[in-house]
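Let me begin by presenting the structure, written as structure tokens, before commenting on it.
None of the figures in this text is laboratory data; all of them are computed from the coordinates on show. As the structure is a prediction and not an experimental result, all values here were calculated from the model. Because the Cβ atoms are built from the backbone with ideal geometry, glycine has one as well, and the counts that use them run over all protein chains shown.
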Amino acid sequence: MPQRKHTGARDSEAPKKLISGIVEVTRKGTGYMAWPIDEKIADTKEKEDIEIFPEKLNGALNGDQVEVELLSVHPRPRGRVKHIVARAKTEFVCTVRGGKVLPDDARFNEPILVAGEFEEGTKLLVQLTSFDGKVAKGTLIETIGKAGEHRVEMNAIVLEHGFSTRFPVEVALEAQTIERDHAAIIAAELPKRADYRGLTTMTIDPVDAKDFDDALSLRELPDGTYEVGVHIADATYFCAPGTAIDAEAVKRGTSVYLVDATIPMLPHELSGNVCSLREGEDRLAFSAVFTLDKHAKVLSQTFKKSVICSNKRFSYEEAQQVLDTQEGPYLKELNTLRTLATAMRAQRSSEGAIDFGDNEVRFELDESGKPLRVIRKKRIDTNWLIEEFMLLANREVATYISKLAAKVPEKNYVFLYRIHDDPKPDRIEELATFVRAVGYEFGAYSAKASKAKHKYSAKDIQGLLKQIEGKPEAALIRTATLRSMAKAIYSTKNIGHFGLAFEFYTHFTSPIRRYPDMLVHRILASHLDGAPMTRAEYGHLEKMCIAASEQEAKAVSAERDSIKYKLVEYMVPKVGQEFDAIISGVTDWGLYVEDKESSAEGLVRVRTIGNDFYNYSPKEYALVGQKTKKKYALGDRVRVKLVAADLASRQLDFKLA
């Protein structure tokens, strides 16, 4: 769809073709829309995004699907919104300030007119009914509570990202009926399933876990090989298509994990009880049972609906203590599982799998939810022990169905993969530039290497991550490396998983908290029953993959926002104190710094730095003094003073000490 060349004529002279897309709105109110892939236009430099000034958005908000009229091409493409095709969201969390109902979303800075009187500082969930760019109108959905209170703020974050904190009445009634009839369900199902209750079986999870998706069983066979069972909660039995529970699970797509609470995908009667593989209680499961040799090579496999009973509920720390002291329950089994997991991990590493480590934090909260301490999580042996067996099950399920489907391609059997594309070369080049600025070399893109002669690989990334182990800037570089990667998503089209170095991969092991895992259970069960689902039968699966990927992204964003809020709250009483920090970002408006101890990040504004004028040097990732040539570069360690902590905006302001 070619466009006419820009002639400088006024907008009103002739009607212009409308271009469809998604608009992204910045905090300053300016919109940008990327060109559609099939759109061609003359005289545009590298197809810059179409810029839309605030007064020309005409009520469009961030993420809305719009039709834009192109107004000019030079000096860059500019346009105005003619139609809003679909709103990205219509429910907004708002706070009453100065008598006005103001959205918490920083990219929607107009008050919403809502009928009624509300107390100052109250948080509300509001349905936007109309917005023309000048006046916004809405209706009250619910009053969340008083701003600043822990539970209110956490609920507000969940609601802002489109998740509900409550289940519909019909869902609750179905769940209560299932919970009441659970014993009868187990009795009725037992004759139809493999009975694995006699196997030595355990769960290993976080100390505060409430739902147990997976359990491991182990027994040594007479020939010296091992039978390892990866037993996964059979949530699909209780979450059948056509039920209210299933409809709500589709809508949610995933559970959301906040700093101290879980917003579950399934109601508590299922997630915390009948589906959860609790110690000493019979449970329905979908079991992947493998025969492994002493090098953890898979000799055989079987997938069966089953009934299991977990002998022991370990926390990661409890299982680790048994391994460390070589004393305690199920010592022999834990030692064997660790040996097998170590072999699997080494094999994955040799094939190019990338281990990004862990840079997460957890909070110690008082009774009111106020953060008392921030603790950086540390991965221990039992963390990756469980991880390896979950990866094994996910990979083998995907491989099994892919091979079956390949035998009869004319049937066009459907499946759901977890895919991770190769990073784009320009993102890797950006990473290489970044890494060199911090003082490291990176594979083919080292300062001496020729990019044209050598394609990067996962092993290059492996090498970089090994270089930075134990270094102060390790978390910074891991984060930058992660950001250079493509995002893992769900799809019916397999391209493999770059980060894990797997040809086939899916999600099978967490059906209590991820809807795609339930879809995989249904598809696998249909293959085992001899009636695999075809694409015609499951024609909407690709749409469900896209929706699940979007819900996953929203959940991750909500989780990050809850952590950020608590980090800012933790820092509020520390205003005026000094901290050791690392420069985590450099822009022309200042330095982003991260507190070494808590990982809280804030801004040192450029105008507060010394008696010099500082210029931003993008190639050096640094601010450089015009007269003194003093340089503040990415990765530098600095001493900073906290000067402001704003909970409402979740922002910290520092200055150099």
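Karplus-based coupling profile of segment 392-407, in residue order and whole Hz: 4, 5, 4, 5, 5, 5, 4, 5, 4, 6, 4, 5, 5, 5, 5, 6, with θ = phi - 60° in 6.51 cos²θ - 1.76 cosθ + 1.60 and x standing for Gly or Pro.
Between segment 196-211 and segment 614-657, the alpha-carbon centres lie 47 Å apart.
When N counts the residues of segment 526-657, how does its alpha-carbon radius of gyration compare numerically with 2.2 N^0.38 Å, as a ratio?
Working: Rg = 22.7 Å, N = 132, 2.2 N^0.38 = 14.1 Å.
Working it through for segment 526-657, the quotient is 1.62.
Comparing segment 330-452 with the 2.2 N^0.38 Å rule of thumb, its C-alpha radius of gyration ratio is 1.55 (two decimals).
Extending 7 Å from Cα along the Cβ direction at LYS146 and again at VAL638 yields two label points whose distance is 3.8 nm. The overall shape of segment 47-171, judged from the alpha-carbon gyration tensor, is prolate: a/c is not under 1.5, and a/b is greater than b/c. Given R0 = 30 Å, the distance between the Cβ atoms of THR200 and LYS378 translates into a calculated FRET efficiency of 0.60. Among the listed pairs LYS377/LYS466; LYS294/LYS466; LYS28/LYS627, those with a Cα-Cα distance over 24 Å are LYS294/LYS466; LYS28/LYS627. Projected label points at VAL408 and GLU351, each 7 Å from Cα along the beta carbon direction, are separated by 2.7 nanometres. Between GLU503 and ALA34, residue separation times 0.36 nm minus the direct Cα-Cα distance comes to 165.6 nm. Of the Cα atoms belonging to segment 453-591, the radius of gyration and Dmax stand at 21.1, 68 Å.
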